[in-house]
Amino acid sequence: MKSVEYRTATSAQGGLVVMAGVPGVAAGSRVQLRDHAGRIRSGQVIRTADDAVLVEVFEGTDALDLERTWVRFLDEPFRLPLSRDILGRVFDGTGRPRDGRPPVISADRRDVNGEPLNPAARAYPREFIQTGISAIDGMNSLTRGQKLPIFSGGGLPHNRVAAQIVRQARLLGEASAEFVVVFAAFGASHADARFFQESFEESGVLNKVVMFLNLADEPVIERLLTPRAALTAAEYLAFDLDAHVLVVMTDMTAYAEALREVAVLRGDVPARKGYPGYLYSDLAELYERAGRIKNRRGSITMIPVLSMPSDDITHPIPDLTGYITEGQIVLGRELANQGVFPPVTVLPSLSRLMKDGVGKDFTRDDHPHVASQLFASYARALEVRGLAAIIGAEELSDADRRTLAFADAFERRFIGQGEDEDRSIHETLDLAWELLSMLPPESLIRVSEAELAKYHKGAAT
Amino acid sequence: MGRILEINGPLVRLELPQTTIGEQVRVGRLGLVGEVIGRDGDTALAQLYEDTAGLRPGEAAEGLGWPLSVELGPGLLGAIFDGVQRPLQAVWEQSGDRIARGVAVPSLPRDVRWHFVPDPARRAGGMLKGGDVLGTVQETESIRHRILVPPRVEGELLELAPEGDYAVEEIIGRVRLADGRIDKLQLFHRWPVRTPRPFRQRDHAVAPLITGQRILDTFYPLLKGGKAAIPGPFGAGKTMLQQQIARWCNAEIVIYVGCGERGNELTDVLESMPLLTDPHTGRPLMERTLLVANTSNMPVVAREASIYVGITLAEYFRDQGYDVVMVADSTSRWAEALREVAGRLGQMPVEEGYPAYLGSRLAAFYERAGRVETLAGDHGSVTLIGAVSPPGGDFSEPVTSHTKEIIQTFWALSKELADARHYPAVDWLESFSGYVKSAAKWWAQHVDPAWESARAEALDLLAASEELQRIVNLVGVEALSGEQRWTLEAAGLIKEGLLQQSAVDAVDSFASPEKQFMLLAALLEIHRQGMKLVRLGAPARRLIQLPLLAQARRWKSQHGSDDLAALQAKRAAIPDAFEPLLQEYASTAAPSVPGEAAL
């Protein structure tokens, strides 16, 4: 079947082509399509019966006709050739080189859809990764094998935050990052892609990075393949070559929008905001490829970047993502406008795996309590700030005024830090205590009395 | 033998005459399994439990002759199964880290021999009926597995194997049925998951399920055999709360169904359960626990099946006379799987794309909970706790609103509380329990007759403080009277000293009913003592400065459930802390410093 070209297209529109009279085509099979200009396009079978086969064309159906379109069924799923040589390379969304160098040749070609990891084979992520960013390390820490997205909005510096994490992330006790980076951009602008490329270059890690780029002006349907190709490469690096892989994917919103676009063409029943009902499962197929496996050295830590449409965290894309990922780092416009970098809004941010990766044996005994106390004190301080906005700061009690001062200092000094400032976890925790010491010890009930005695500066009276 | 006509995602159209809806089918060269969901002439529509990539029209298909069933017998406890009861540990050993398609591994291990002890009451020649106990197998240290006669079997016991070691497939007995046929009995039997297992009659639920979580047990109790829902937006701590319940509740068997959730969460349960001990029996928790895992990246049709597999396993242990808790995380993912298949079938969507039968399916599922008199005349119960994941935390969405009509206990999780790291983030205003009256009887009998009134007093205090907080948010705390300020402070004490409970703190993680009540009573005592003083004219400001208030907030994590005497002593010492102020204000009919009382 592979060698035969069929010219039996009966309809073509919106990226989908129907082929008639090709019996026995396998579901999910890859397709090569040659148009009248001799250009080769690729696609995938999404529905198959003896009398009609529905093909999704990644490059779209623009400038196709029915009469001069030849289709070849390759009889295998989409596969990515893999070898050690992918490091340092730049590919397009379907794995073709876009750096002008020859394609990767390898007998090892893997189905980009992957296969679900057996839950019994997973190892629970417990190793604390120091990112050098206090708002993350101190309060929403990342562990090796975790999937922790950055929820952002248009115009917020999520790319810079992601790049800083890539530059600084390392295990405690490691001199420098041992990570290999897989970077996937879909629907990204040329400027964004260039920003990351330059950032990797500057930090001298370019030969440890694999990039998969599908830019904003490239076929939408290819976007569905881009993260899958990138994750297939990541799995190979992590579980075949024992590397610790950091996957950065941006922007998940562009991915979900591409999925919606294709779903509408396929005629799928919409659920929320026109997104198909399987958006959750589809996102999970991607996110769940992060993790660790028992008896394997490597790991996949994932940082998807996602811009929340109109900064709305309840929009289906961030909402469903939040249900799958192990927490989220939320960037906020208010802090960004005040010039705080990184503008991490800590209260809605969360790391679900933090409880098992910090504290005694991992970072420092007091870490979990300090984090909890910072959350509680800052939440209380924001209430006071709300009150001050109504009744005026001069009407506040002394205690409340101190709380207000704490909030300001916390935002400026703890959350805010330099883009090249790499704080150790001890520096982060010491800073936390310095700030908590602005508050009276009896109001700090999330930390133990012993910890108060040891770390509280006792200055507040 | 039939063949495949069309493949569309997880749905395949088959040429397969004379098949029954619900029947299992095996299709294609890989031997993928699924179930028939529709018939049209000689064609059948089936949904497959595995990914269909690579399947082609023209490949073979066959009906297996039975509906989706589970194997029930020794070997269930401590295991982790997928959504169609494949044992994931064995699958891992056989097919590696990734779940290969078409893997066929029996649910119960065939090579393990169990020590079977026949029931002395069973003799050859005696009559047997479904649900009777043939004998027992000590499956784990704490659980004795009762070997049951399959529910629909009835007749004369011809022979029963003597005490000894048997594998699950060995014949341990024979029964002559009413029609003269002879049926063989084994240590296990199969049961179709979509059919509720029969029982003699429903019983009243009487005892509360003790979870060790104060906000649940003390404020919004659930009974053994009851139905509860935990709705909450992401990040509100749903999973943590469910894991806490699975860990500490006083059920004899816990079935944890991870339906469309994270892989790492199940790994967490798998890794942590064997290390934790059951506070009620002192045995490792894994001995009473069974996991069903269809994580979010596993095929969607098996996800739909997984909660039925879970509830059938729960009913099987109920039929042995056990109190079983099943935690389903999350019923929303199950509903979404239903929606996805309905969408592919082209069924008319009603709300948010869900099919019209969503409500009735949910109701039928929750009806499988309950306390019953079993066929053997024992008492057993299935308590169902379903997590709901409302999109955007919107409780008016279809799954949450339908669920709310069905269940009796509603533990609403709040994003605001979670953001302030108030855990468990159970919202005391949104939550409710229809079981308070029944629970009150138990608490009065087993813990303290004052439970119901203390609970009401605390809830009143919380409601009043909510009202006052609104005023404070508008005009500031200075506008409140002394009594009001004290009320606000006491409510804060209840929230921090009682409602907040740390799952990661070894002492605080579990609180016995006695500890829960003692803590509640102590904090209310502080409130009453303070109120007395405020009414005597003491300024609330001075009361708030009492060190007792900061100290009382720590009691929960200072004294474990086995250290109640110390807590009792602290409670008894409460009046002492107020004594100096009482001296000062009781002696003067009027305020000692004019005007200070007004502050």
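The values are calculated or read from the model by the stated rules, or taken from the named source; none is laboratory data. In this text the structure is predicted, and so the values were computed from the model without any measurement. Virtual Cβ from ideal backbone geometry, glycine too; neighbours counted across all protein chains shown. Only protein heavy atoms, including side chains, enter the accessible area calculation; ligands, DNA and RNA are left aside. Shrake-Rupley method; radii C 1.70, N 1.55, O 1.52, S 1.80 Å.
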Quick one: which of A:Thr403, A:Thr314, A:Thr363, A:Thr321 is without any contact (Cβ under 8 Å) to a residue 24 or more places away in the chain and polar (S, T, N, Q)? A:Thr314
Answer with yes or no whether B:Pro67 is over 21 Å from A:Pro77 (Cα atoms) and away from every other protein chain (no Cβ under 14 Å). yes
Residues B:Glu336, B:Glu304: which one is at the interface with chain A (Cβ under 8 Å from one of its Cβ atoms) and assigned to a helix (DSSP H, G or I)? B:Glu336
Residues (within 14 Å of another protein chain (Cβ to nearest Cβ) and either in a loop (DSSP other than H, G, I, E, B) or open to solvent by 10 Å² or more (accessible area, probe 1.4 Å) (or both)) located in segment A:331-350: A:Gly332, A:Thr345, A:Val346, A:Leu347, A:Pro348, A:Ser349, A:Leu350
Is it true that B:Pro513 is more than 14 Å from chain A (Cβ to nearest Cβ), at pLDDT 95 or above and either open to solvent by 50 Å² or more (accessible area, probe 1.4 Å) or in contact with a Pro (Cβ under 7 Å, 6 or more places away or on another chain) (or both)? no
Of the residues that sit in segment B:362-374 and are out of contact with any Asp or Glu (no Cβ under 7 Å at 6 or more places or on another chain) and surrounded by 16 or more Cβ atoms within 10 Å (Cβ to Cβ), which one is farthest from the other protein chains (Cβ to nearest Cβ)? B:Gly370
Qualifying residue in segment B:383-405 (condition: on the phi > 0 side of the Ramachandran plot, in contact with a Phe, Trp or Tyr (Cβ under 7 Å, 6 or more places away or on another chain) and in the same structural domain as B:Leu209 (by TED's automatic domain parsing)): no
Looking at A:Gly322, A:Gly327, A:Gly298, A:Gly274 in this structure, which one is over 24 Å from A:Val210 (Cα atoms) and more than 9 Å from chain B (Cβ to nearest Cβ)? A:Gly274
Can you find a residue that is part of a strand (DSSP E or B) and of a type in the set (S, T, N, Q) anywhere in segment B:195-208? yes
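A quick yes/no check of all residues on (1) of a type in the set (S, T, N, Q); (2) assigned to a helix (DSSP H, G or I):
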| residue | (1), (2) |
| --- | --- |
| B:Glu496 | no, yes |
| B:Gln501 | yes, no |
| B:Val504 | no, no |
| B:Leu520 | no, yes |
| B:Glu525 | no, yes |
| B:Gln529 | yes, yes |
| B:Lys532 | no, yes |
| B:Arg535 | no, yes |
Quick one: is A:Leu16 within 14 Å of chain B (Cβ to nearest Cβ) and in contact with a helix residue (DSSP H, G or I) (Cβ under 6 Å, 6 or more places away or on another chain)? yes
Take the residues in segment B:277-297 that are within 14 Å of chain A (Cβ to nearest Cβ) and open to solvent by 10 Å² or more (accessible area, probe 1.4 Å); name whichever of them is modelled with the highest pLDDT. B:Met286
Kindly indicate whether any position in segment B:380-390 is surrounded by fewer than 23 Cβ atoms within 10 Å (Cβ to Cβ) and touching a Gly at 6+ places or on another chain (Cβ under 6 Å). no
Go through segment B:530-545 and give me each residue that's touching a Phe, Trp or Tyr at 6+ places or on another chain (Cβ under 8 Å) and buried (at least 19 other Cβ atoms within 10 Å of the Cβ). B:Gly530, B:Leu533, B:Val534, B:Gly537, B:Ala538, B:Ala540, B:Leu543
When segment A:362-416 is checked residue by residue, the ones that are hydroxyl-bearing (Ser, Thr, Tyr), open to solvent by 20 Å² or more (accessible area, probe 1.4 Å), at the interface with chain B (Cβ under 10 Å from one of its Cβ atoms) and under 28 Å from the mean Cα position of the chain (by Cα) are A:Ser372
Whichever residue in segment B:15-46 is open to solvent by 10 Å² or more (accessible area, probe 1.4 Å) and within 14 Å of chain A (Cβ to nearest Cβ) and, among such residues, is nearest to A:Gly114 (Cα to Cα): B:Leu30
When segment B:454-494 is examined, which residues are found to be outside any helix (DSSP H, G or I) and within 19 Å of A:Ser443 (Cβ to Cβ)? B:Gly476
Hey, can you tell me all the residues within segment A:41-50 that are open to solvent by 30 Å² or more (accessible area, probe 1.4 Å) and over 16 Å from A:Ala12 (Cα atoms)? A:Asp50
Contacts under 7 angstrom Cβ, first residue in segment B:424-438 being touching a residue at least 60 places away in the same chain (Cβ under 8 Å), partner among the aromatic types (Phe, Trp, Tyr) and assigned to a strand (DSSP E or B), 6 or more apart: B:Ser431/B:Phe410; B:Phe432/B:Phe410
Hits in segment A:1-41 (condition: among the acidic types (Asp, Glu) and touching a Ser or Thr at 6+ places or on another chain (Cβ under 9 Å)): A:Asp35
At least 3 residues that are open to solvent by less than 30 Å² (accessible area, probe 1.4 Å) in each: list the strands (runs of 3 or more DSSP E) lying fully within segment A:72-140 that qualify. A:90-92, A:128-130
Residues (open to solvent by 30 Å² or more (accessible area, probe 1.4 Å), farther than 24 Å from B:Leu536 by Cα and touching a residue at least 40 places away in the same chain (Cβ under 8 Å)) located in segment B:563-589: B:Leu564, B:Gln568, B:Lys570
Restricting to segment B:85-140, count the residues that are at pLDDT 90 or above, open to solvent by 60 Å² or more (accessible area, probe 1.4 Å) and within 22 Å of B:Val301 (Cα to Cα). 1
Options A:Ser189, A:Ser152; residue that is among the small types (Gly, Ala, Ser) and closer than 13 Å to A:Val344 by Cβ: A:Ser152
Restricting attention to segment B:72-109, report how many residues are within 16 Å of B:Arg190 (Cβ to Cβ), in contact (Cβ under 8 Å) with a residue 24 or more places away in the chain and either part of a strand (DSSP E or B) or within 8 Å of chain A (Cβ to nearest Cβ) (or both). 2
When A:Val31 is evaluated against the numbered criteria (1) within 11 Å of chain B (Cβ to nearest Cβ); (2) within 19 Å of A:Arg68 (Cβ to Cβ), which criterion, by number, is the only one it fails? (1)
(1) open to solvent by less than 10 Å² (accessible area, probe 1.4 Å); (2) more than 14 Å from chain A (Cβ to nearest Cβ); (3) not in a helix (DSSP H, G or I): which one isn't true of B:Gly258, the others all being true? (2)
Evaluate segment A:173-189: report whether one residue or more is open to solvent by less than 10 Å² (accessible area, probe 1.4 Å) and free of Cβ contacts under 8 Å to residues at least 60 places away in the same chain. no
